1. Using 7 Å Cα-to-Cβ label points, what is the residue 122/residue 50 separation (nm, one decimal)?
2. Would you mind getting me the FRET efficiency between residue 80 and residue 57? Use the beta-carbon distance for r and R0 = 22 Å, nearest 0.05.
3. Over segment 28-112, what number does the Rg to Rh ratio reach, with both radii from the alpha-carbon atoms and Rh per Kirkwood?
4. What FRET efficiency comes out for the pair residue 64/residue 115, r = Cβ-Cβ distance, R0 = 35 Å, nearest 0.05?
5. Please tell me the relative contact order of segment 40-108 in percent, rounded to the nearest whole number, where contacts are Cα pairs under 8 Å and at least six residues apart.
6. Cα centroid distance between segment 58-73 and segment 98-130, in Å?
7. For a quick check: sort 127, 88 by the number of other beta carbons within 10 angstrom, fewest at the front.
8. From the mean inverse distance of alpha carbon pairs (Kirkwood) and the Cα radius of gyration, derive Rg over Rh for segment 62-130.
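Taken together, the values in this text are just the output of simple stated rules run on the coordinates, not laboratory data. What you are looking at is a predicted structure, and each value in this text was computed from that prediction instead of being measured. Here Cβ is always computed from backbone atoms with ideal geometry, including for glycine, and neighbour counts include all displayed protein chains.
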């Protein structure tokens, strides 16, 4: 099975993407895409919502996935497309468990990010979706 790496544009057709197991990240990493259980849960959610299809060991992004990525990039909210977001949240949740980060501070950060995203969506003034 050959592995491909390609840049995908808005008019591109989804292709097969061979997957390989991801090595676990240390729990202190702020760049990890979360724990193995979190990654598995995310993948299952993407499959259930029809953003990906699974054929054997391959995950195939659907047109719906490409449309969402195009929309998020066009709106300028690329932080939602980055796997590091999940890793950062997992890290901060662990910090909360250790008493090194307050729940209020964590929730304030999420509320601020949500406000930024909603503001960008409301300010979008073009006639077409990006």
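1. Reported label-point gap for residue 122 and residue 50 is 3.1 nm.
2. Here the calculated transfer efficiency is 0.25.
3. Dividing the radius of gyration by the Kirkwood radius yields 1.04.
4. Plugging the Cβ-Cβ distance into 1/(1 + (r/R0)^6) gives 0.85.
5. 13 percent
6. With segment 58-73 and segment 98-130 each reduced to a Cα centre, they are spaced 21 Å.
7. If I rank by nearby Cβ atoms, fewest first, I get 127, 88.
8. That ratio equals 1.09.
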